[in-house]
Amino acid sequence: MIKTILFIVLGLVVLAIAVVLLLAVRQPDTFRIQRSTVIGAPADRIYPLIADLRRMNSWNPFAKKDPQIQIRYRGPAGGPGAAYDFSGNKEVGKGSIEVTEAIAPTRVAMKLDTIAPMEGHHAILFSLAPDGGNSTRVTWSMEGASPFLGKVMGVVFNMDKMVGGAFDAGLADLKTQAEKPL
């Protein structure tokens, strides 16, 4: 009787793992996460809060996840070549960010390379577009390859919701800073 129950439980576990792996195989090879908000400020006021990495880290939700994060800036403060290496807790991980393109005041592209908790190489883009009057629509996107382990995690966890939620929080903080009276 106990052997039968153990056999059934083992069979269910194997079946569950097989289903997760089958669903993972069917996931796309790339991912894209994107969020937008409208900020009541002109793009030329918002742009420096993104293109200058030190200023960006005042609202960056990922830097805020670890009060003890270690950040080492390199290169210029902003624009192409501006970069920093980071090392933090398990939520932050370890890696680097580098500005690869900066077109004032409409676009900032970055490269995010992570070492831990998982190796990854992602493209980040901030685009700023007029949105009537004195407002700007800021769109934050990230895309990259989705390795098999990432696909498995995507079956179990809603990565768009997790990372997208951090993007929403960061954009809200950016909005607060950009809309402060001068």
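The values are calculated or read from the model by the stated rules, or taken from the named source; none is laboratory data. This structure is a prediction, so every number in the text was calculated from the model and none was measured. Neighbour counts are summed over all protein chains in view; Cβ atoms, including those assigned to glycine, are modelled from backbone coordinates with ideal geometry. Accessible surface is based on the protein model in full, side chains and every heavy atom, while ligands, DNA and RNA are left aside. Shrake-Rupley method; radii C 1.70, N 1.55, O 1.52, S 1.80 Å.
Surface composition of the stretch 15-116: carbon plus sulfur atoms contribute 57% of the solvent-accessible area (1.4 Å probe, protein chains only, all chains present). On full extension, the segment bounded by residue 168 and residue 27 gains 48.3 nm, given 0.36 nm per residue less the C-alpha separation. Here the stretch 81-117 is scanned for amide nitrogen atoms under 17 Å from the site 7 Å beyond the Cα of residue 44 along Cα-to-Cβ, giving 103-107. Stokes-Einstein, applied to the Kirkwood radius of the stretch 1-75 over Cα pairs at a viscosity of 0.890 mPa s and 25 °C, places its translational diffusion at 136 µm² s⁻¹. For the chain, modelled as a GNM whose springs connect Cα atoms under 10 angstrom apart, the maximal fluctuation among 53, 125, 149 occurs at 149. Structural descriptor for the chain: relative contact order 28 percent, calculated from alpha carbon pairs under 8 angstrom and at least 6 residues apart.
Working from the alpha-carbon coordinates of the stretch 32-75, get Rg over Rh, Rh being the Kirkwood radius.
1.02
Pair-distance distribution of the chain: all C-alpha pairs, bin width 10 Å, starting at 0; shares per bin in whole percent are 9, 32, 30, 15, 7, 4, 2, 0. The lysines within cross-link reach of residue 94, meaning a Cα-to-Cα straight distance under 25 Å and a gap of 8 or more places when in the same chain, are 64, 65, 111, 151, 161.
What 222 nm value per residue comes from the helices of the chain, counting each DSSP H run with n ≥ 4 as -39,500 (n - 2.57) and dividing by all residues, nearest 500 deg cm²/dmol?
On the way: 6 runs with 70 residues, N = 182.
Counting only the DSSP helices, I get -12000 deg cm²/dmol.
In the context of the full set of protein chains, residues of the stretch 1-108 present 61 Å² of accessible surface per residue (probe radius 1.4 Å, heavy atoms only).
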